[in-house]
Amino acid sequence: MGPAEPLDIDAIHSAAGSAGRRVSLDILPEIDSTNAELLRRPRDGRHAVAVLAEQQAGGRGRQGRRWHSPPGRNVYLSLGWQFDVGRQDFAMLPLVVAVASARALKALGAPDVAIKWPNDLWLSGRKVGGCLVETAPGEAGARTAVIGVGLNVGMSGDPGAAEIDREWADLRDALPSVSRNQAAGTLLEKLVRAMEAFTAVGFTGFAEDWVRLDALRGQQVVVERESGPLSGRALGLGPGGGLLVEGPDGPVECLAGEVRVHAVGGRSL
(Lines give C-alpha, C1' and ligand atoms only; values in the text may rest on other atoms or scores of the structure.)
Protein backbone atom coordinates (compact mmCIF):
# COMPACT_ATOMS: atom_id res chain seq x y z
CA MET A 1 0.00 0.00 0.00
CA GLY A 2 1.67 3.20 -1.16
CA PRO A 3 1.77 6.33 0.98
CA ALA A 4 -0.37 9.40 0.47
CA GLU A 5 1.45 12.45 -0.96
CA PRO A 6 0.52 15.99 0.14
CA LEU A 7 0.04 18.64 -2.53
CA ASP A 8 2.87 21.18 -2.75
CA ILE A 9 2.26 24.45 -4.58
CA ASP A 10 5.93 24.94 -5.52
CA ALA A 11 6.19 21.45 -7.02
CA ILE A 12 2.93 21.96 -8.92
CA HIS A 13 4.09 25.30 -10.31
CA SER A 14 7.38 23.73 -11.35
CA ALA A 15 5.54 21.01 -13.30
CA ALA A 16 3.04 23.49 -14.79
CA GLY A 17 5.72 25.85 -16.12
CA SER A 18 4.79 29.21 -17.60
CA ALA A 19 1.17 28.18 -18.28
CA GLY A 20 0.64 27.58 -14.56
CA ARG A 21 1.79 31.09 -13.77
CA ARG A 22 -1.01 32.51 -15.94
CA VAL A 23 -3.66 31.37 -13.47
CA SER A 24 -4.30 31.77 -9.76
CA LEU A 25 -3.96 28.49 -7.86
CA ASP A 26 -5.63 27.61 -4.54
CA ILE A 27 -4.96 24.37 -2.65
CA LEU A 28 -7.64 23.38 -0.13
CA PRO A 29 -7.37 20.65 2.52
CA GLU A 30 -10.93 19.36 2.04
CA ILE A 31 -13.95 20.54 0.08
CA ASP A 32 -17.27 19.10 -1.07
CA SER A 33 -16.06 19.39 -4.65
CA THR A 34 -13.63 21.69 -6.41
CA ASN A 35 -16.23 22.48 -9.07
CA ALA A 36 -18.77 23.47 -6.42
CA GLU A 37 -16.18 25.70 -4.77
CA LEU A 38 -15.55 27.64 -7.97
CA LEU A 39 -19.25 27.93 -8.73
CA ARG A 40 -19.83 29.49 -5.31
CA ARG A 41 -17.36 32.28 -6.01
CA PRO A 42 -18.37 35.68 -7.40
CA ARG A 43 -18.53 36.00 -11.18
CA ASP A 44 -15.38 38.11 -11.25
CA GLY A 45 -13.48 35.51 -9.19
CA ARG A 46 -13.67 32.47 -11.46
CA HIS A 47 -11.76 33.23 -14.65
CA ALA A 48 -8.23 31.80 -14.81
CA VAL A 49 -8.59 30.41 -11.30
CA ALA A 50 -7.63 26.83 -10.44
CA VAL A 51 -8.57 24.91 -7.31
CA LEU A 52 -6.96 21.70 -6.09
CA ALA A 53 -8.10 19.73 -3.06
CA GLU A 54 -6.42 17.13 -0.90
CA GLN A 55 -9.79 15.46 -0.49
CA GLN A 56 -13.36 15.83 -1.75
CA ALA A 57 -16.34 14.89 0.39
CA GLY A 58 -18.81 15.15 -2.50
CA GLY A 59 -16.87 14.63 -5.70
CA ARG A 60 -19.13 14.27 -8.74
CA GLY A 61 -18.86 12.71 -12.13
CA ARG A 62 -21.18 12.86 -15.12
CA GLN A 63 -24.92 12.38 -14.55
CA GLY A 64 -24.48 13.03 -10.83
CA ARG A 65 -22.41 9.92 -10.11
CA ARG A 66 -20.24 10.00 -7.00
CA TRP A 67 -16.49 10.30 -7.66
CA HIS A 68 -14.44 8.45 -5.01
CA SER A 69 -12.03 11.07 -3.64
CA PRO A 70 -9.78 9.77 -0.83
CA PRO A 71 -7.28 12.12 0.84
CA GLY A 72 -3.76 12.58 -0.48
CA ARG A 73 -3.92 10.05 -3.29
CA ASN A 74 -5.44 11.40 -6.49
CA VAL A 75 -5.77 14.69 -8.36
CA TYR A 76 -8.97 16.73 -7.93
CA LEU A 77 -8.62 19.87 -10.04
CA SER A 78 -11.03 22.51 -11.27
CA LEU A 79 -10.26 25.43 -13.56
CA GLY A 80 -12.53 28.38 -14.25
CA TRP A 81 -12.46 30.00 -17.69
CA GLN A 82 -14.61 32.69 -19.28
CA PHE A 83 -15.80 32.58 -22.90
CA ASP A 84 -17.84 34.86 -25.14
CA VAL A 85 -21.47 33.84 -24.88
CA GLY A 86 -21.91 33.79 -28.67
CA ARG A 87 -19.45 30.96 -29.37
CA GLN A 88 -20.94 28.48 -31.81
CA ASP A 89 -18.70 25.58 -30.74
CA PHE A 90 -19.16 25.78 -26.97
CA ALA A 91 -20.73 22.30 -26.96
CA MET A 92 -17.31 20.91 -27.97
CA LEU A 93 -15.65 22.13 -24.76
CA PRO A 94 -16.02 18.82 -22.84
CA LEU A 95 -14.24 17.08 -25.73
CA VAL A 96 -11.44 19.67 -25.61
CA VAL A 97 -11.04 19.08 -21.87
CA ALA A 98 -10.79 15.34 -22.45
CA VAL A 99 -8.14 15.78 -25.13
CA ALA A 100 -6.14 18.17 -22.92
CA SER A 101 -6.29 15.70 -20.03
CA ALA A 102 -5.19 12.85 -22.29
CA ARG A 103 -2.29 15.01 -23.49
CA ALA A 104 -1.27 15.42 -19.85
CA LEU A 105 -1.26 11.65 -19.32
CA LYS A 106 0.86 11.18 -22.44
CA ALA A 107 3.26 13.94 -21.35
CA LEU A 108 3.74 12.07 -18.07
CA GLY A 109 4.70 8.99 -20.08
CA ALA A 110 1.53 6.92 -19.78
CA PRO A 111 1.06 4.33 -22.54
CA ASP A 112 -2.19 3.26 -24.21
CA VAL A 113 -4.18 6.41 -23.36
CA ALA A 114 -7.65 6.76 -24.88
CA ILE A 115 -10.90 8.67 -24.42
CA LYS A 116 -14.30 7.06 -24.10
CA TRP A 117 -16.79 9.58 -25.45
CA PRO A 118 -17.45 12.14 -24.23
CA ASN A 119 -14.76 12.59 -21.58
CA ASP A 120 -13.73 9.47 -19.67
CA LEU A 121 -9.99 8.90 -19.65
CA TRP A 122 -8.74 5.38 -20.23
CA LEU A 123 -5.43 3.75 -19.43
CA SER A 124 -4.98 0.32 -21.00
CA GLY A 125 -8.73 -0.10 -21.37
CA ARG A 126 -9.75 0.95 -17.86
CA LYS A 127 -10.95 4.28 -16.50
CA VAL A 128 -8.16 6.34 -14.93
CA GLY A 129 -9.97 9.67 -14.83
CA GLY A 130 -12.97 11.71 -15.82
CA CYS A 131 -14.00 15.26 -16.63
CA LEU A 132 -17.02 17.33 -15.67
CA VAL A 133 -17.72 20.69 -17.32
CA GLU A 134 -20.33 22.97 -15.75
CA THR A 135 -21.31 26.45 -16.83
CA ALA A 136 -22.46 29.62 -15.10
CA PRO A 137 -23.08 33.25 -16.12
CA GLY A 138 -19.88 35.29 -16.39
CA GLU A 139 -19.16 38.99 -16.38
CA ALA A 140 -20.75 41.35 -18.91
CA GLY A 141 -22.86 38.66 -20.51
CA ALA A 142 -20.02 36.17 -20.98
CA ARG A 143 -20.21 32.51 -19.95
CA THR A 144 -17.92 30.87 -17.40
CA ALA A 145 -16.98 27.22 -17.69
CA VAL A 146 -15.92 25.36 -14.56
CA ILE A 147 -13.78 22.46 -15.71
CA GLY A 148 -13.26 19.61 -13.27
CA VAL A 149 -10.85 16.72 -13.82
CA GLY A 150 -10.21 13.80 -11.51
CA LEU A 151 -7.22 11.51 -12.04
CA ASN A 152 -6.44 8.31 -10.16
CA VAL A 153 -2.78 8.57 -9.20
CA GLY A 154 -2.34 6.60 -5.96
CA MET A 155 -5.78 4.99 -5.71
CA SER A 156 -4.35 1.49 -5.29
CA GLY A 157 -3.20 2.42 -1.79
CA ASP A 158 -6.68 3.38 -0.61
CA PRO A 159 -8.74 0.75 1.25
CA GLY A 160 -12.01 2.28 0.00
CA ALA A 161 -11.09 1.64 -3.62
CA ALA A 162 -12.37 -1.92 -3.29
CA GLU A 163 -15.92 -0.56 -3.10
CA ILE A 164 -15.81 0.96 -6.60
CA ASP A 165 -18.15 -1.11 -8.77
CA ARG A 166 -16.55 -0.33 -12.13
CA GLU A 167 -13.19 -1.26 -13.59
CA TRP A 168 -10.63 1.43 -12.89
CA ALA A 169 -6.94 2.10 -13.43
CA ASP A 170 -4.32 3.91 -11.41
CA LEU A 171 -1.66 6.09 -13.03
CA ARG A 172 1.01 4.44 -10.89
CA ASP A 173 0.07 1.07 -12.40
CA ALA A 174 1.82 2.30 -15.54
CA LEU A 175 4.18 4.86 -13.98
CA PRO A 176 5.17 3.66 -10.48
CA SER A 177 7.39 6.66 -9.76
CA VAL A 178 5.01 9.40 -10.92
CA SER A 179 4.46 12.16 -8.36
CA ARG A 180 0.97 13.37 -7.50
CA ASN A 181 2.28 16.93 -7.70
CA GLN A 182 3.85 16.23 -11.09
CA ALA A 183 0.53 14.86 -12.34
CA ALA A 184 -1.38 17.87 -10.98
CA GLY A 185 1.04 20.37 -12.49
CA THR A 186 1.15 18.69 -15.88
CA LEU A 187 -2.64 18.51 -15.98
CA LEU A 188 -2.91 22.20 -15.06
CA GLU A 189 -0.48 23.15 -17.81
CA LYS A 190 -2.34 21.21 -20.51
CA LEU A 191 -5.72 22.56 -19.42
CA VAL A 192 -4.58 26.19 -19.42
CA ARG A 193 -2.97 25.84 -22.84
CA ALA A 194 -6.10 24.09 -24.14
CA MET A 195 -8.40 26.86 -22.91
CA GLU A 196 -6.19 29.47 -24.57
CA ALA A 197 -6.14 27.49 -27.83
CA PHE A 198 -9.88 26.81 -27.78
CA THR A 199 -10.51 30.53 -27.24
CA ALA A 200 -8.32 31.34 -30.24
CA VAL A 201 -9.14 28.63 -32.80
CA GLY A 202 -11.99 26.52 -31.42
CA PHE A 203 -12.15 22.73 -31.77
CA THR A 204 -9.96 22.78 -34.88
CA GLY A 205 -6.83 22.46 -32.78
CA PHE A 206 -8.12 19.31 -31.08
CA ALA A 207 -9.97 17.36 -33.77
CA GLU A 208 -7.01 15.27 -34.97
CA ASP A 209 -6.05 14.26 -31.44
CA TRP A 210 -9.66 13.32 -30.73
CA VAL A 211 -9.72 10.92 -33.68
CA ARG A 212 -6.46 9.33 -32.55
CA LEU A 213 -7.66 8.97 -28.95
CA ASP A 214 -11.25 7.86 -29.61
CA ALA A 215 -11.71 4.49 -27.88
CA LEU A 216 -15.17 3.79 -29.34
CA ARG A 217 -14.73 4.50 -33.06
CA GLY A 218 -15.45 1.33 -35.01
CA GLN A 219 -16.70 -0.55 -31.93
CA GLN A 220 -20.10 -2.15 -31.60
CA VAL A 221 -21.92 -0.32 -28.82
CA VAL A 222 -25.28 -0.05 -27.12
CA VAL A 223 -26.41 3.47 -26.30
CA GLU A 224 -29.02 3.79 -23.58
CA ARG A 225 -31.33 6.71 -24.36
CA GLU A 226 -34.55 8.00 -22.84
CA SER A 227 -36.30 6.93 -26.05
CA GLY A 228 -34.83 3.43 -25.80
CA PRO A 229 -31.53 1.66 -26.47
CA LEU A 230 -29.70 2.07 -29.76
CA SER A 231 -27.32 -0.65 -30.95
CA GLY A 232 -24.81 -0.11 -33.70
CA ARG A 233 -21.26 0.72 -34.68
CA ALA A 234 -19.70 3.91 -33.29
CA LEU A 235 -18.65 6.17 -36.18
CA GLY A 236 -16.91 8.94 -34.24
CA LEU A 237 -18.15 12.45 -33.54
CA GLY A 238 -21.28 13.97 -34.96
CA PRO A 239 -21.46 17.64 -35.99
CA GLY A 240 -22.77 18.65 -32.55
CA GLY A 241 -20.06 16.81 -30.62
CA GLY A 242 -22.26 13.81 -29.91
CA LEU A 243 -21.50 10.15 -30.50
CA LEU A 244 -22.43 9.14 -34.04
CA VAL A 245 -23.83 5.60 -34.17
CA GLU A 246 -24.77 3.59 -37.25
CA GLY A 247 -28.25 2.44 -36.27
CA PRO A 248 -30.69 0.25 -38.21
CA ASP A 249 -32.08 3.32 -40.01
CA GLY A 250 -28.78 5.09 -40.61
CA PRO A 251 -26.42 7.30 -38.55
CA VAL A 252 -27.83 8.81 -35.34
CA GLU A 253 -26.05 11.45 -33.26
CA CYS A 254 -26.41 10.80 -29.51
CA LEU A 255 -25.69 13.95 -27.55
CA ALA A 256 -23.86 14.18 -24.20
CA GLY A 257 -26.16 14.04 -21.20
CA GLU A 258 -28.67 11.78 -22.96
CA VAL A 259 -26.82 8.49 -23.09
CA ARG A 260 -24.69 5.92 -21.43
CA VAL A 261 -22.50 3.68 -23.53
CA HIS A 262 -21.69 0.02 -22.93
CA ALA A 263 -19.91 -2.55 -25.03
CA VAL A 264 -21.98 -5.31 -26.55
CA GLY A 265 -21.35 -8.43 -24.52
CA GLY A 266 -21.76 -6.84 -21.11
CA ARG A 267 -18.34 -5.36 -20.44
CA SER A 268 -18.86 -1.85 -19.12
CA LEU A 269 -17.13 0.91 -21.06
Does segment 143-155 contain any residue that is buried (at least 20 other Cβ atoms within 10 Å of the Cβ), in contact (Cβ under 8 Å) with a residue 40 or more places away in the chain and either under 13 Å from residue 99 (Cβ atoms) or not assigned by TED's automatic domain parsing to the domain that holds residue 39 (or both)? yes
Residue, surrounded by the most Cβ atoms within 10 Å (Cβ to Cβ), within segment 185-231, restricted to residues that are among the basic types (Lys, Arg) and not in a helix (DSSP H, G or I): 217
Show me the strands (runs of 3 or more DSSP E) found entirely inside segment 64-134 where at least 3 residues are at pLDDT 95 or above, closer than 19 Å to residue 12 by Cα and assigned by TED's automatic domain parsing to the domain that holds residue 43. 75-83
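Restricting attention to segment 66-121, which residues are among the small types (Gly, Ala, Ser) and surrounded by 21 or more Cβ atoms within 10 Å (Cβ to Cβ)?
At the first step, the residues of segment 66-121 found to be among the small types (Gly, Ala, Ser) are 69, 72, 78, 80, 86, 91, 98, 100-102, 104, 107, 109-110, 114.
Of everything in segment 66-121, those that are among the small types (Gly, Ala, Ser) and surrounded by 21 or more Cβ atoms within 10 Å (Cβ to Cβ) turn out to be 69, 78, 80, 98, 100, 101, 102, 104, 110.
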For residue 60: the one exception among (1) at pLDDT 95 or above; (2) buried (at least 19 other Cβ atoms within 10 Å of the Cβ): (1)
Listed residues 98, 114, 91; which is farther than 18 Å from residue 7 by Cβ and more than 13 Å from the chain's Cα centre (by Cα)? 91
How do the pairs read when you match residues in segment 191-219 that are at positive phi with residues anywhere that are modelled with pLDDT under 95 and not in a helix (DSSP H, G or I), using Cβ under 6 Å and keeping only pairs 6 or more apart or on different chains? 202/89
Could you please let me know if residue 188 is closer than 29 Å to residue 14 by Cα, at pLDDT 95 or above and of a type in the set (A, V, I, L, M)? yes
Consider segment 13-53. How many of its residues are within 14 Å of residue 72 (Cα to Cα) and either modelled with pLDDT of 95 or more or surrounded by 20 or more Cβ atoms within 10 Å (Cβ to Cβ) (or both)? 5
For segment 1-12, give me the residue count where each residue is touching a strand residue (DSSP E or B) at 6+ places or on another chain (Cβ under 8 Å) and surrounded by 16 or more Cβ atoms within 10 Å (Cβ to Cβ). 2
Checked pairs for segment 227-255, first among the basic types (Lys, Arg), second in a strand (DSSP E or B), C-beta under 9 Å and 6 or more apart or across chains, list as 233/220; 233/221; 233/245; 233/246
Please go through segment 70-94 and give me each residue that is touching a Ser or Thr at 6+ places or on another chain (Cβ under 8 Å), within 25 Å of residue 169 (Cα to Cα) and among the polar types (S, T, N, Q), ordered by number. 78
Any chance residue 33 is of a type in the set (S, T, N, Q), in the same structural domain as residue 78 (by TED's automatic domain parsing) and within 22 Å of residue 152 (Cβ to Cβ): yes
Does segment 227-236 include one or more residues that are farther than 17 Å from residue 105 by Cα, assigned by TED's automatic domain parsing to the domain that holds residue 88, out of contact with any Asp or Glu (no Cβ under 7 Å at 6 or more places or on another chain) and at pLDDT below 95? no
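The values are calculated or read from the model by the stated rules, or taken from the named source; none is laboratory data. Keep in mind that this is a model prediction, so the values were computed, not measured. Cβ atoms come from the backbone with ideal geometry, glycine included; neighbour counts cover every protein chain shown.
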